[in-house]
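Participant: Here it is, the structure, as structure tokens.
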Amino acid sequence: MGFSQWLSLTFIFHAFLSLPISSEPSLSPEGLPQIPVNFLELAKRPEVFDWMVGIRRKIHENPELGFQEFETSKLIRAELDQMGIPYKYPVAETGVVGYIGTGSPPFVAIRADMDALAMQESVEWEHKSKVPGKMHACGHDAHVTMLLGAAKILQDHRHVIQGTVVLVFQPGEEGHGGAKKMLDDGVLENVDAIFGIHVSASRPIGTVASRPGPLLAGSGFFEAVISGKGGHAAIPQHTIDPILAASNVIVSLQHLVSREADPLDSQVVTVAKFQGGGAFNVIPDSVTIGGTFRAFSKETFIHLKQRIEEVITKQASVQRCNATVTFNDNGQPFFPATVNNKDLHVHFQKVAGDILGTQNVLEMQPLMGSEDFAFFAEVIPGYFFFLGMKNETQGRFESEHSPYFRVNEDALPYGAALHASLATTYILEKQSKPNPPKGSSHDEL
């Protein structure tokens, strides 16, 4: 590192560490960890915490489905305007992308998803969803709030951010592949890395969990229409029974994992939909089945897709039926596996350890759930982690996608501070590396 770079870094560290709660700054290993600690103290201040709680409750009361997040997007833009943060809108229909810093490299992104789920909330409380049949049951209201909280912290320190933090407010995560649409709109142009958070009802508040490498599975959906010949149930010999054919198909699909898959290569095939018939004494003309399949490698995923189609069509044929198989309705993309960058894992462990203590930074096993953050992590280094919010003194916290799902709002400062700290320290560490070619900048700033 040259003397001028060292001098610049010294100034940056002193600026960040000059908050009232900090001690005398230094470039020693004891100095850098103070930045995340200070950010957490800022996020926990009553005026900041109450502001975040208010935002989260407004979003929770007015849930919107994928690519319909017009009011959520409007709220985000209003908060960014009030903070003086420039942004692009619309991106991928309802998305918002904000910029904090110099508008020049290095660029690092922090992301939150915005959409709700099509389900009725069963939690009775003052800020229950006001929209029948829609609910924030996956914590996206908290994700947006934490990213806005990080934006407030970062904007207050924008003059000492020698790079650019990109705020990605993403629509349509719940099965719509909104991340893919944002990529197509160029939101990660010139961006070096991206971080994402998901709240977790199963992990204690004050902890985080993740791992390097594969974290979440790639996923796809399938639907098959199995057609036979309907008739009276009392004379089945004059029919071609699609219910019997579909039943054989479902049993055979289970063999794909239990008898064809390597036990060390995790895979899932689940049939979750079976629709056919409407009377006790009538064999229907057709049956519709559907489900999901998941894997961690592209090769396994492609092979599984091929075998699902083969098993359905050929097993139906054995029962004298015809079958048509479709994958992912309305041209929605398959979700790739979410794979965490190993270098970013080291960075995450260091920053999260500074905020929470190393004993509260947990390494987890991969999950068969999926996340469209994976689209971002496919094209640039990405890192996704889970933020604990369980507190047994506040009762049971149900898992995501439950009508009884609740957010522990005490977790909001942790998420905001982690977002801000991961981005800030990433930029600081990039200062010692060679500058990228001229022309890599964003003129929104």
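Participant: Highest mean first, what order results for 63-70, 414-421 on Cβ atoms within 10 Å?
Facilitator: The peptides rank, most packed first, as 414-421, 63-70.
Participant: Another question, then. Rounded to the nearest whole Å², what accessible area per residue is found for the chain with the 1.4 Å probe?
Facilitator: 44
Participant: With each pseudo-label sitting 7 Å past Cα toward Cβ, what's the V346-K128 distance in nm, one decimal?
Facilitator: With each label point 7 Å from Cα toward Cβ, the separation is 5.1 nm.
Participant: So if each residue of separation counts as 0.36 nm, and I subtract the Cα-Cα distance between V268 and A234, what length gain in nm does that give?
Facilitator: Result for the pair: 8.5 nm of gain on full extension.
Participant: Additional query: Listed highest first by mean packing, meaning other Cβ atoms within 10 Å per residue, what order do 315-328, 106-119 come in?
Facilitator: 106-119, 315-328
Participant: If amide H atoms are built 1.01 Å from N in the plane of the peptide, which residues on other chains or at least 5 residues away come under 5 Å of the amide H of N340?
Facilitator: Those lying under 5 Å, H to H, from N340 are G213, L215.
Participant: Run the accessible area of the chain with a 1.4 Å probe and give the carbon-and-sulfur part as a rounded percent.
Facilitator: Ligands and nucleic acids excluded, carbon and sulfur give 52 percent.
Participant: Contact order normalised by length for the chain, with contacts defined as Cα pairs under 8 Å and 6 or more residues apart; what percent is it?
Facilitator: 24
Participant: Okay, next question. Have a look at A201, G231, G218 and report the one farthest towards the positive end of the charge dipole of the stretch 196-278, computed about the Cα centre with Cβ charges (Lys/Arg +1, Asp/Glu -1).
Facilitator: Most positive-ward Cα: A201.
Participant: Just to confirm the number: angle between the C-alpha axis of helix 3-16 and the first principal axis of the chain, 0 to 90 degrees, nearest 10?
Facilitator: 80
Participant: In degrees, nearest 10, range 0 to 90: what is the angle between the Cα axis of helix 34-44 and the longest Cα principal axis of the chain?
Facilitator: Helix 34-44 and the main axis of the chain meet at about 70 degrees.
Participant: Could you give me the ³J(HN,Hα) list for the stretch 337-349, computed from phi with Karplus coefficients 6.51, -1.76, 1.60 and θ = phi - 60°, whole Hz, x at Gly and Pro?
Facilitator: So the J values, rounded to whole Hz, are 5, 8, 10, 7, 5, 5, 5, 5, 5, 4, 4, 4, 4.
Participant: Okay, moving on. Compute the distance in nm between two label points, each set 7 Å from the Cα along the Cα-to-Cβ direction, one at D184 and one at Q332.
Facilitator: 1.5
Participant: What's the Cα-based Rg to Rh of the stretch 233-290, Rh via Kirkwood?
Facilitator: With Rh from the inverse mean 1/r over Cα pairs, Rg/Rh is 1.13.
Participant: How much length is gained on full extension from A118 to E409, taking 0.36 nm per residue of separation minus their Cα-Cα distance?
Facilitator: Roughly 102.5 nm would be gained on extension.
Participant: For the stretch 119-203, which chymotrypsin sites (Phe, Trp or Tyr not before Pro) are both in a DSSP coil and crowded by at most 14 other Cβ atoms within 10 Å?
Facilitator: For chymotrypsin sites (Phe, Trp or Tyr not before Pro) across the stretch 119-203 that sit outside H, G, I, E and B with at most 14 neighbouring Cβ atoms in 10 Å, the list reads W125.
Participant: For an R0 of 41 angstrom, estimate the FRET efficiency from the Cβ-Cβ distance between V318 and F70 and round to the nearest 0.05.
Facilitator: With a Förster radius of 41 Å, E is 0.25.
Participant: Okay, moving on. Looking at the P(r) of the stretch 331-408, how many percent of alpha-carbon pairs lie beyond 16 Å?
Facilitator: 64
Participant: If one puts a single equal scatterer on every Cα of the stretch 115-249 and applies the Debye formula without solvent, what log₁₀ I(q)/I(0) results at q = 0.19, 0.22 Å⁻¹?
Facilitator: Per q value, in the given order, log10 I(q)/I(0) is -1.32, -1.47.
Participant: Related question: To the nearest 20 debye, what charge dipole does the stretch 282-378 have about its Cα centre, counting +1 at the Cβ of each Lys and Arg and -1 at the Cβ of each Asp and Glu?
Facilitator: 320
Participant: Output needed: percent of Cα pairs per 10 Å distance bin for the stretch 294-431, bins running from 0 to the one holding the longest distance.
Facilitator: 9, 27, 29, 19, 11, 5, 1
Participant: Would you pull out the residues with amide H under 5 Å of G231's amide H, same chain only if 5 or more places away, H placed 1.01 Å from N?
Facilitator: Those lying under 5 Å, H to H, from G231 are I283.
Participant: Follow-up. Expressed in nm², what is the orientationally averaged projection area of the convex hull enclosing the Cα positions of the chain?
Facilitator: Here the figure is 24.1 nm², rounded to one decimal.
Participant: Along the charge dipole of the chain, which of G276, A377, T393 sits closest to the positive end, that is, farthest toward it, with unit charges on the beta carbon of Lys, Arg, Asp and Glu (+1, +1, -1, -1)?
Facilitator: Projecting each Cα onto the dipole axis, the largest value belongs to G276.
Participant: Under unit Cβ charges (Lys, Arg +1; Asp, Glu -1), what dipole magnitude, rounded to 20 debye, does the chain have relative to its Cα centre?
Facilitator: It comes to approximately 480 debye.
Participant: Where does helix 298-318 land angle-wise versus the long Cα axis of the chain, in degrees 0 to 90, nearest 10?
Facilitator: 20
Participant: Let me know the volume per residue of the alpha-carbon convex hull for the stretch 318-366, in Å³.
Facilitator: Per-residue hull volume (Cα only) is 165 Å³.
Participant: Size of the dipole of the stretch 44-121 about the Cα centre, Lys and Arg at +1 and Asp and Glu at -1 on the beta carbon, nothing else charged, in debye to 20?
Facilitator: My answer is approximately 340 debye.
Participant: Separate question: 222 nm [θ] for the chain, helices only, -39500 (n - 2.57) per DSSP H run of 4+, per residue, to 500?
Facilitator: Taking each H run of at least 4 residues, the total per residue is -11000 deg cm²/dmol.
The values are calculated or read from the model by the stated rules, or taken from the named source; none is laboratory data. Source: prediction; values computed, not measured. Quick reminder, even Gly has a Cβ in these numbers, built from the backbone with ideal geometry, and neighbours come from all protein chains shown. Ligands, DNA and RNA are excluded from the accessible area calculation, which covers all protein heavy atoms including side chains. Shrake-Rupley method; radii C 1.70, N 1.55, O 1.52, S 1.80 Å.
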